[in-house]
Amino acid sequence: MPAIRPIHVLALGLVLLVASAWPLGTALREFSVPRPVLVVADGVEADDVAVAVEPGRRARLALTLELAPGADDAYQVPVRVRVRDAAGADLLDVDTFVTPPGTMPPAGAATPAVNVFEYPPAGDALRIGALFSAFEVTGDGHLTLSLHLAPDSRHGAVVASARWRLEHDLGQPISALVVGVFMLVAGIVAASAGFVRRCGPRRADATSCDDATARRRAALCHLAGLLGYVVPFGNVVATLACWYAWRDGHAYIEQQGREAINFQLTILVYLLLAFALALALLGLVMVPLIALLHVVASLVAAYRARAGVAWRYPVTLRFA
């Protein structure tokens with residue numbers, strides 16, 4: 001099997017960078033462009049409401065309530081929603097409760113099926129929004145909706161008005177965003193590693209450096225990674241630029257510059273992992289820890305480089 005050459009890695013990275021524009025642009029369009037909305041019913045009950053929407057796309061029911069809450073501003077409004085296609089197949093069948101945000105519905109309710117939020121209060125009545133799970137519109141796009149709100153028998157909240165809306169022609173921006181971010185980061189890592197390797201093989205490591213100019217420039221290569229907090233991906237671009245501009249001046253700059261590039265690319269990989277784990281909440285904990293590692297290690301590396309010491313970052317993947 002032929003060896004993978006640096007030019008191939010560089011080309012792959014550039015292709016991924018360019019190609020990432022498609023899913024990221026799709027996600028941006030889906031997030032920014034308002035989706036069409038149909039007002040399908042007003043009131044607490046509506047049976048066999050017929051609507052027609054774009055088939056092969058996703059749709060989502062939304063409910064807006066105005067109600068007078070019961071004791072302690074609590075409410076627990078039973079809601080039953082059923083959506084069927086032209087063939088009678090259930091696309092959405094939910095029997096749950098509308099409860100205050102952050103509270104758990106009673107046992108047996110379909111907790112993942114509805115997301116409740118409250119609008120800013122206006123007078124004594126509460127204005128509440130509820131979003132139901134999105135579903136795929138099958139068949140020819142003709143749907144039949146059955147919508148029911150029952151009295152709140154626990155807290156005595158009274159529904160003053162209810163409006164049911166159907167948001168349709170929805171895309172999947174989250175999926176496109178995830179794919180785009182993975183392609184973008186993978187492209188940056190591959191293109192950077194390919195570019196560095198294309199510039200020549202790694203030289204023998206310098207154990208120390210007595211040249212004051214080389215020490216100062218090596219320290220700047222490490223500090224350049226902090227520009228990522230100002231400019232997106234500036235940590236990689238700035239470090240690459242410093243290394244490429246000064247690498248021929250001294251073997252110490254060549255060595256420490258490559259080390260700094262490897263560390264910045266590793267940080268991107270760690271952030272990508274945190275992004276992937278964000279839904280499990282673990283990624284949210286990882287991000288500040290990664291940022292702390294990045295800042296502390298960069299400052300220590302710059303300090304050691306100013307002293308002329310051959311520094312190697314911990315927990316770093318050596319791409320170049």
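Considering only segment 251-266, how many residues are surrounded by fewer than 23 Cβ atoms within 10 Å (Cβ to Cβ) and of a type in the set (V, I, T)?
So the count comes out to 1.
Could you figure out which of (1) without any contact (Cβ under 8 Å) to a residue 24 or more places away in the chain; (2) in contact with a Ser or Thr (Cβ under 6 Å, 6 or more places away or on another chain) isn't true of A212?
(2)
Is segment 221-238 home to any residue that is in contact with a Leu (Cβ under 6 Å, 6 or more places away or on another chain) and surrounded by fewer than 22 Cβ atoms within 10 Å (Cβ to Cβ)?
yes
Can you say whether V300 is modelled with pLDDT of 95 or more, β-branched (V, I, T), within 25 Å of the chain's Cα centre (by Cα) and surrounded by fewer than 17 Cβ atoms within 10 Å (Cβ to Cβ), as far as the supplied structure shows? Please lay out each step first, then the result.
Values: modelled with pLDDT of 95 or more: yes; β-branched (V, I, T): yes; within 25 Å of the chain's Cα centre (by Cα): no; surrounded by fewer than 17 Cβ atoms within 10 Å (Cβ to Cβ): yes.
Considered against the rule, which asks whether it is modelled with pLDDT of 95 or more, β-branched (V, I, T), within 25 Å of the chain's Cα centre (by Cα) and surrounded by fewer than 17 Cβ atoms within 10 Å (Cβ to Cβ), V300 comes out as no.
In this structure, is A68 farther than 30 Å from V185 by Cα, outside the structural domain of F182 (by TED's automatic domain parsing) and out of contact with any Lys or Arg (no Cβ under 7 Å at 6 or more places or on another chain)?
Numbers: farther than 30 Å from V185 by Cα: yes; outside the structural domain of F182 (by TED's automatic domain parsing): yes; out of contact with any Lys or Arg (no Cβ under 7 Å at 6 or more places or on another chain): yes.
When the stated conditions are applied, A68 passes them.
Going through Y229, Y252 one at a time, which residue ends up being within 30 Å of I4 (Cβ to Cβ) and modelled with pLDDT of 90 or more? Talk me through it step by step, then tell me what you get.
Working: Y229 fails: within 30 Å of I4 (Cβ to Cβ).
Checking each option against the conditions leaves just Y252.
Take the conditions surrounded by fewer than 12 Cβ atoms within 10 Å (Cβ to Cβ) and touching a residue at least 24 places away in the same chain (Cβ under 8 Å) and apply them to D248. Does it pass?
On the way: surrounded by fewer than 12 Cβ atoms within 10 Å (Cβ to Cβ): yes; touching a residue at least 24 places away in the same chain (Cβ under 8 Å): no.
When the stated conditions are applied, D248 does not pass them.
Scan V185, V236 and give me the residue that is under 27 Å from H8 (Cβ atoms) and within 20 Å of the chain's Cα centre (by Cα). Working first, answer last.
On the way: V236 fails: within 20 Å of the chain's Cα centre (by Cα).
V185 is the lone residue from the list that is under 27 Å from H8 (Cβ atoms) and within 20 Å of the chain's Cα centre (by Cα).
Would you mind stating whether G88 is modelled with pLDDT of 90 or more and over 22 Å from H168 (Cβ atoms)?
On the way: modelled with pLDDT of 90 or more: yes; over 22 Å from H168 (Cβ atoms): no.
Here the answer is no, as G88 does not meet what is asked.
Which of the residues that make up segment 115-168 are under 19 Å from A50 (Cβ atoms), of a type in the set (V, I, T) and assigned to a strand (DSSP E or B)?
Correct list: T144 only.
Would you call D47 at pLDDT below 90, assigned by TED's automatic domain parsing to the domain that holds D93, of a type outside the set (A, V, I, L, M, F, W, C) and within 24 Å of I128 (Cβ to Cβ)?
Working: at pLDDT below 90: no; assigned by TED's automatic domain parsing to the domain that holds D93: yes; of a type outside the set (A, V, I, L, M, F, W, C): yes; within 24 Å of I128 (Cβ to Cβ): yes.
It is false that D47 is at pLDDT below 90, assigned by TED's automatic domain parsing to the domain that holds D93, of a type outside the set (A, V, I, L, M, F, W, C) and within 24 Å of I128 (Cβ to Cβ).
The values are calculated or read from the model by the stated rules, or taken from the named source; none is laboratory data. Remember, it's a predicted structure, so these values are computed and weren't measured experimentally. Please note: Cβ atoms are built from the backbone with ideal geometry, for glycine as well, and neighbour counts cover all protein chains shown.
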